[in-house]
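The values are calculated or read from the model by the stated rules, or taken from the named source; none is laboratory data. Small disclaimer: the values here were computed from a predicted structure and weren't measured. Neighbour counts run over all protein chains shown; Cβ positions are idealised from the backbone, glycine included. The area values use the complete protein model at the heavy-atom level, side chains included, leaving out ligands, DNA and RNA. Shrake-Rupley method; radii C 1.70, N 1.55, O 1.52, S 1.80 Å.
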Amino acid sequence: MATPPSRSPAPVRGPAAVLALALATGQFLGACRSSPAPAIPPERFHGPRQADVDVEHTALWIELDPRERSMTATARVRLCSRVEGLSLVRLDLADLAVREVRDQDGGRLDFRHADDVLGVELARPLARGEFQELSIDYGGRPRRGLSFEDLEDGVATQVFTQGECEDSRGWFPCLDFPAERATSEIAVVMPAGWTSLAAGERVERRELEGGRALERWRMSTPHPAYLTTLVAGDFAVRHDVWDGIPLLYLADPDLAPHIESRFRETPAILEFLSRLTGVRYPYAKYGQAVVADFPFGGMENISATTLTDAWLTDERGSRDEPAFGLIAHEAAHQWFGNLLTCADWSHIWLNEGWATYATELYVEAAQGREAFEISMANTREGYLRLDVGPARRPIVHGVYREPMDLFVTGHVYPGAASRLHQLRFELGDPAFFAGVRRYVALHRGTAVDTDDFRKAMEAESGRDLGPFFAQWFFGPGHPELSTRWRWIEETGEAELSVEQTQAQGGGVPEAFSMDAEVELGRGGEPPRLERVTLDARRQVFRWKCDSKPRWVILDPHGWLVARRTDEREGAEWLRVALEAPHPLARRDAVQALANLALESSTPRGRLLYAQALEGLLAADASPEVRAGAARALSRLAPEFGQEALRAAAASDSSTLVRVAALRGLALFPAGESLATFGREQFLAGESWQTLVAAHELEMHARPDPAVWLERFGRPSPHGVLQAGLVASLFDVLDQDAAVALLGRTLDRPETPPLVVEAVLRRLGPLAKDRAQCRAWIEARLQDPEYRVRSAALESLAAAQDPRCVPAVRRAYGSYVEPRQRRAAEKILQAPWASRP
């Protein structure tokens, strides 16, 4: 599962929606103000779950009612007793009403449904290994797990499910934990104009009376309940094929023109992943459905991925965000997560870390080693930014309130992927990739834990990897390395000093143990690489050299899960920036050059570093290095860089660089020339983000409310342009007028959710001093759109106004999605929340 923009089960419906309307109209306010503070559960350790039964097969008959946003269903659950004398079967089922339960002989059974557990008393006890089939009639309005979306006149035009982590219980009775695997089939009754997508093969479609249709899907590969899926609605469908496997792409008809271009890389990705794992794509088809208000970037349901419609964009949007990342991540889960599934949530990194790293490996295969090293470094840095303070913990971790809490800390995605990358360095490519193939071959179709993966890697490498996994997967933290080097003329040696500076305690060792590379630059010759072992707080290494190295760099290719600072003289930073053959070192150097320019006491010194940055911006092969040079030059404004930034903003092949250059130009003094340039780049329309950055530059240089308003009315996919323009509104209008305009934007029902989200975030800093801004944000705490609710919570958290606490407390009880519950709890437990 991909978390951007974030993920959750279905938005709150039914009674909670009625309460939201009542609050918005001023009813029940007195009662809500006097309500007690909600009980917030503590974190606790969760071990593997065991059940008395093994579910073998689940067959669902579901009738959807888009007008009432409800479902009527029958579940036939075939199960086998794991214990002797089983008389009570317990299944997970939340929120929905059970009408009747019968056994395989047709006899009615007594049942009790409470606290999200359906307990069924069997007519007679089952022996260990004996089978029984239960038929359960149930239905209602789901609060989680299944969502009715994209309403037109109050009638849903799309339905989707979202089971991870424990929300499949919100739409069918199951054993809702990842180690339990069963085959499944779904028969869905829906409006005749709809189509559906579910796990496995579609084996039937027929028209029914009353303008309805039936589709039946069957999945013969056992899988966890959270991967069971159903998408149904008014969709455009496109077909493709890879190696005989049918590929299906579903989207709203209005987005159909973008389907083929955005999904184009799917066949190449499946081919790559089949080679990586040694297992050809293992299911009968692969479908990808794009749905409205999906609360995550994507979800890897078995053979049928669900994606957010915010990802489906036009050519301009694709220049800003290439399509392959989300496709590759979710496709990788078809192996890592679906074919092999973590045995319990504490090992979720085996799903998410592997999907993240497999995506990076696809970058390496498709775009080359340099692009891969930069992309991998960005992944690693994302983890390092988050693994600080109270958020620091091991990768394998079983302490949480709800399992979704494990997904948001950066550990199971970039943290785990970075450790896999370091393990690859430790073992070498042949052993590493052979180990991956062994792991998949040995454990396909099963639940796995971290030791299963370790043993497969040990078998191929011939090494004891217990210490590596104990340190990097079961232990917290990461090394922080400080390096400096010197040339010893008398002995002809380069001496490198490495110090581990991380704070000890809480399981973080005084010194991590790791192998590392050291690069000694040799001018026109290829660099010399040396391998060292770091295992002490302070270490010194020496190498004989024919001449003084041009530079000495620890970990030049970015294998280590470590934060590093390097002490160098300015001349060496220049050599690294201009001569180093790999982009990671050059990217690090550009920021150092900006620091040196700012610290230089002479105009000549500042000019030297600025000219180097201008040269890198104009000619470096790596877009990341060029973008870094643009950001570095912007720090030297207004003394240097304007012409170089203009050239990059107008003609660079990468939108990343163009946006960085345009934003850098906005730090120069306003003037007609800059305004004209910004307008020219807006009209060039390279991408949506370059349009936004060019507009911001123009409004900085020449504020014009009429121009702002005209552009704010222009259409764009999902309102991406309008959302981007919100930030610059206060450059062209005074605060009162800007706030009034944003309020009118919120009042318009046709305003896209992405724009509403941007407005709420812009109003957040004003909410403490403007009661109306706070009221607008509070009114969105129970908005039907997931991302709008999340933006409202984030805005109130940023405002730090205790007057918002009653509204958050009222909304808290209606939240069923863990991330929004945690966001509300953060507000309710904040020190400022209790201030008078």
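Using a 1.4 Å probe on the protein heavy atoms, what percent of the accessible area of the chain belongs to carbon and sulfur? With neighbouring chains kept in place, the figure for the chain is 50 percent.
The distance linking segment 367-410 with segment 551-624 is 26 Å (Cα centroid to Cα centroid, whole angstrom).
Looking at segment 471-550, the GluC sites (Glu not before Pro) that sit in a DSSP loop and have at most 12 other Cβ atoms within 10 Å of their own Cβ are Glu489, Glu490, Glu510.
If you average 1/r across every pair of different Cα atoms in segment 679-822 and take the reciprocal, what Kirkwood value do you get, in Å? Display every interim value, and only then the final one.
Working: mean 1/r = 0.0629 Å⁻¹.
Mean inverse Cα-Cα distance, inverted, gives 15.9 Å.
Can you pull the percent of Cα pairs in segment 190-235 with separation above 13 Å? Cα-Cα pairs in segment 190-235 separated by more than 13 Å: 57 percent. The residues of segment 507-551 have, on average, 56 Å² of accessible surface per residue, using a 1.4 Å probe with all protein chains present. Angle between the Cα long axis of helix 324-333 and the longest principal axis of the chain, 0 to 90 degrees, nearest 10? Approximately 50 degrees, to the nearest 10. Of the chymotrypsin sites (Phe, Trp or Tyr not before Pro) found in segment 669-731, none is in coil by DSSP with at most 10 other Cβ atoms within 10 Å of its Cβ. Rolling a 1.4 angstrom probe over the protein heavy atoms with all chains in place gives segment 735-836 an accessible area of 41 Å² per residue. Less than 5 angstrom separates the built amide H of Arg522 from those of Arg528, Arg550, all sequence-distant by 5 or more or on a different chain. With all protein chains kept in place, the per residue accessible area of segment 275-329 amounts to 24 square angstrom at a probe of 1.4 angstrom. Restricting the trypsin sites (Lys or Arg not before Pro) of segment 505-537 to loop positions (DSSP other than H, G, I, E, B) with no more than 16 neighbouring Cβ atoms within 10 Å leaves Arg537.
3J(HN,Hα) along segment 105-115: 8, x, x, 6, 10, 6, 8, 9, 10, 7, 6 Hz, from the Karplus curve 6.51 cos²θ - 1.76 cosθ + 1.60 with θ = phi - 60°, whole Hz, x for Gly and Pro. By the equivalent-ellipsoid construction on the alpha carbon gyration tensor, segment 340-449 comes out with semi-axes of 23, 20, 11 Å, ordered largest to smallest.
Keeping all protein chains in position, work out how much accessible area His557 exposes to a 1.4 Å probe, and write it in Å² to the nearest 10. Result for His557: roughly 40 Å² accessible. Report note on the peptides 94-102, 406-414: ranked by the mean count of other C-beta atoms within 10 Å, highest first, their order is 406-414, 94-102.
In this structure the amide hydrogen of His223, modeled in the peptide plane, comes within under 5 Å of the amide hydrogens of Ala182, Thr183, none closer than 5 places in sequence on its chain. Placing dummy labels 7 Å off each Cα toward the beta-carbon, the span from Ala123 to Val540 is 8.5 nm. Here the relative contact order of segment 622-733, from alpha carbon pairs under 8 Å that lie six or more residues apart, stands at 21 percent.
Length gained on full extension, Glu599 to Arg205: 134.7 nm, using 0.36 nm per residue less the C-alpha separation.
Provide the FRET efficiency to the nearest 0.05 for the Asp429-Asp464 pair, computing r from the beta carbons and using R0 = 25 Å. The pair Asp429/Asp464 has a calculated efficiency of 0.80. Scalar couplings 3J(HN,Hα) for segment 711-716, obtained by applying the Karplus form with A = 6.51, B = -1.76, C = 1.60 to θ = phi - 60°, are 6, 5, x, 6, x, 7 Hz; x denotes Gly and Pro.
Taking a ≥ b ≥ c as the square roots of the eigenvalues of the alpha-carbon gyration tensor, the chain is classed oblate because a/c is 1.5 or more while a/b is no larger than b/c. Between Thr446 and Ala236, what FRET efficiency follows from the Cβ-Cβ distance if R0 is 35 Å, with the result rounded to 0.05? Efficiency, rounded to the nearest 0.05: 0.40. Is segment 370-511 rounded, prolate or oblate when judged by the Cα gyration tensor, a ≥ b ≥ c being the square roots of its eigenvalues, rounded requiring a/c under 1.5 and prolate requiring a/b larger than b/c? In terms of gyration-tensor shape, oblate. Rounded if a/c is under 1.5, else prolate if a/b is larger than b/c, else oblate: which is segment 597-660, with a ≥ b ≥ c the root eigenvalues of its Cα gyration tensor? Note, shape of segment 597-660 comes out prolate. R0 = 56 Å: FRET efficiency of Asp153 with Ile488, Cβ-based, nearest 0.05? Step by step, r from the Cβ atoms, then E = 0.10. In order along segment 211-221, the Karplus-derived 3J(HN,Hα) couplings, from 6.51 cos²θ - 1.76 cosθ + 1.60 at θ = phi - 60°, round to x, 10, 9, 10, 10, 10, 10, 9, 10, 8, 8 Hz, and Gly and Pro are given as x.
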